[in-house]
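Notes to accompany the following structure.
Bear in mind that the values in this text are calculations on the coordinates, not laboratory data. Treat the numbers as computed from the prediction; the structure is a model and nothing was measured. As a convention, Cβ positions derive from the backbone with ideal geometry for all residues, glycine included, and neighbour counts pool all protein chains shown.
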Amino acid sequence: MALAKLVDIRKKYTLEGLELEVLKGISLEIESGEFIAVTGPSGSGKTTLMNILGLLDSPTSGQYFLNGEDISGLSDDELSHIRNRTVGFVFQSFHLIPHANVLENVLLPAYYSGESMKIMEKRALELLDRIGLADKRKNRPNQLSGGQQQRVAIARALISNPQIILADEPTGQLDSETSASIMELITELNKGGKNIIVVTHDPITAAYARREIKVLDGMIG
């Protein structure tokens, strides 16, 4: 059974009375343990595809099976519950809370998990140790380098132990050396059993993946 399966996924938006079809019948399967790069130029539909895969958005039509369950018709609340348990997000701009310290930023998703905060704090500290930032746990984001901030964002994505890590241009704000370090960390996460989907226009970043899905004009090329 595939981890995720999309069947004829279409997404339409209405802007100023005009209907725009961003995804035009996407069908694909993602097996457990994969490391996938979703590539394509700006405006190709790759970010919309990521948002649907990550349950941040719903398709206009088509079916999405996750762990064998058709989740296409679920409510926003039901999707949110599955998303909080299943998907971790890493974004290009980090999205760290400026007034919170590193540990508090990593713990943010834990408040919605229903787990004991004592257990989650222990896990957060273990994650910070794993990414080499245990000694920075009381620092605020503006006291960290860009690469360190992205590592904190990765730890935050892992705190709820999700099946899937979705990374949207995770190296877009980083220099080449720091980018390589971040992608090596993401590769290690995949080797450790995490399913990784990286959305990128950068061929160097895409080369770390074991499969590339090219999106062009709302379709898989």
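If you take all C-alpha pairs in the stretch 1-115, what percent of them are over 19 Å apart?
Cα-Cα pairs in the stretch 1-115 separated by more than 19 Å: 55 percent.
How would Lys11, Lys191 line up from fewest to most surrounding beta-carbon atoms within 10 angstrom?
Lys191, Lys11
Rg to Rh ratio, the stretch 79-124, alpha-carbon atoms and Kirkwood radius?
Working: Rg = 11.4 Å, Rh = 11.7 Å.
Reported Rg/Rh (Cα atoms, Kirkwood Rh): 0.97.
At 37 °C and 0.692 mPa s, what whole-number value in µm²/s does Stokes-Einstein give for the translational diffusion of the stretch 84-164, with Rh from the Kirkwood sum over Cα pairs?
266
Which of Ser80, Ser145 has the fewest other C-beta atoms within 10 Å, and how do the rest follow up to the most? Walk me through the numbers before you get to the answer.
Working: Ser80 14, Ser145 11.
Going from least to most buried by this count: Ser145, Ser80.
Kindly put Tyr64, Tyr112 in sequence by how many other C-beta atoms sit within 10 Å of each C-beta, fewest to most.
Ascending number of Cβ neighbours within 10 Å: Tyr112, Tyr64.
Please determine, in degrees from 0 to 90 and to the nearest 10, the orientation of helix 176-191 with respect to the longest principal axis defined by the Cα atoms of the chain, where the helix direction is its Cα long axis.
80
Tell me, what is the Rg over Rh of the stretch 4-220, with Rh the Kirkwood radius over Cα pairs? Present the calculation step by step, with values, prior to reporting the outcome.
Values: Rg = 17.4 Å, Rh = 17.9 Å.
Using Cα coordinates only, the ratio equals 0.97.
Any idea how far the Cα center of the stretch 97-136 sits from the one of the stretch 163-220, in Å?
23
Using only the alpha carbon atoms of the stretch 27-89, find the Kirkwood hydrodynamic radius as the inverse mean reciprocal pair distance, in angstroms to one decimal.
After inverting the mean inverse Cα-Cα distance, the result is 12.8 Å.
Would you mind working out the magnitude of the charge dipole of the stretch 4-220 relative to its Cα centre, with +1 at each Lys and Arg C-beta and -1 at each Asp and Glu C-beta, to the nearest 20 Debye? Spell out each step's value before the answer.
Details: 23 positive and 28 negative charges, 119 e Å.
Dipole size: approximately 580 debye.
Which three numbers, in whole Å and largest first, are the semi-axes of the equivalent ellipsoid of the stretch 124-183 derived from its Cα gyration tensor as √(5λ)?
Ellipsoid half-lengths, sorted descending, are 17, 16, 9 Å.
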